[in-house]
C-alpha cells in the first residue's frame, strides 16, 4: 500500500468552547452544520474544505459532542477507480503521531456497501455494512460533474472511552490509497465540539454510477 496523502492534523476543541477552525462563526454548544450522511456535501460550507492540489482532492472535518464528521471529495477519475477497486484507508491517531494502527478500510474487496474497521478494539478487524448501527457509518455518491464524495460519521466514543478526554486533544487523520504512488501532504484544522441536531443514514450505493465509473 502506498500513500496518497496524509491529511489533517486536527485539534479537538473543548466541547463548550468556540471553534478556531472557522473564526467567522461564534460556536458554543451547537455546530453550525446540520449534517446528513448521504454522500451529498451540500451542507458543508466551502470554507471548511482544504485542497490537496496534487490530486485535486478536498477534505473537511467537523464534529459535535458525539460524532466526528469527515468529508472527502475526489475529482480525478483514475483515483476514483482505484478507490472503488482497491480501497482507501482512513487512519486516526488520537495521540497525533500519524500512526496507522486504527482506522477504516473502505470499500472492502470492491464492495461499496462494506467497510473494515481495525484497531478500535482488541477484537479482530471486522467487516461491516457501511450503515451499521452504533459504529462508523459511511455514505458516498457521484455528483452531476462526476466528482466522488465520501462522508464518514465516526462516534467519538470509539476514539476515547470518556469523550471529554478528547477536549483540546490533537489527533492525526490521514488517508492512504492502495497501490497509489503519490506524495504526502500535511494540513491543519480543528474540530468543533458541540452537539448537533440529528444524524443521517448512509445512502444506498448507486450501482449504475459505480458500474460506469469503475470498469
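Sort out which residues of the stretch 131-147 are in a loop (DSSP other than H, G, I, E, B), in contact with a strand residue (DSSP E or B) (Cβ under 7 Å, 6 or more places away or on another chain) and farther than 21 Å from residue 100 by Cβ, and write them in order of number. Hits for the stretch 131-147 are 131, 143, 147. Summed over the stretch 129-141, the residues that are over 14 Å from residue 37 (Cα atoms) and at pLDDT 95 or above give a count of 1.
Within the group 130, 171, which residue is under 18 Å from residue 88 (Cβ atoms), surrounded by 15 or more Cβ atoms within 10 Å (Cβ to Cβ) and in contact (Cβ under 8 Å) with a residue 24 or more places away in the chain?
Working: 171 fails: under 18 Å from residue 88 (Cβ atoms).
Criteria check complete, one pass: 130.
Kindly indicate whether any position in the stretch 34-52 is at pLDDT below 75 and surrounded by 17 or more Cβ atoms within 10 Å (Cβ to Cβ). No. Residues of the stretch 87-124 that are under 17 Å from residue 157 (Cα atoms) and surrounded by 15 or more Cβ atoms within 10 Å (Cβ to Cβ): 91, 92, 93, 94, 102, 103, 104, 117, 118, 119, 120. As a summary of the residue check, residue 157 satisfies the conditions (1) at pLDDT 90 or above; (2) buried (at least 16 other Cβ atoms within 10 Å of the Cβ); (3) touching a helix residue (DSSP H, G or I) at 6+ places or on another chain (Cβ under 8 Å) except for the one numbered (2). Please enumerate the residues belonging to the stretch 61-103 that are within 22 Å of residue 144 (Cβ to Cβ), touching a strand residue (DSSP E or B) at 6+ places or on another chain (Cβ under 8 Å) and without any contact (Cβ under 8 Å) to a residue 60 or more places away in the chain. Of everything in the stretch 61-103, just one residue is within 22 Å of residue 144 (Cβ to Cβ), touching a strand residue (DSSP E or B) at 6+ places or on another chain (Cβ under 8 Å) and without any contact (Cβ under 8 Å) to a residue 60 or more places away in the chain, namely 76.
The values are calculated or read from the model by the stated rules, or taken from the named source; none is laboratory data. All values derive from a computational prediction rather than experimental measurement. Note that we place each Cβ from the backbone using ideal geometry, even for glycine, and neighbour counts take in every protein chain shown.
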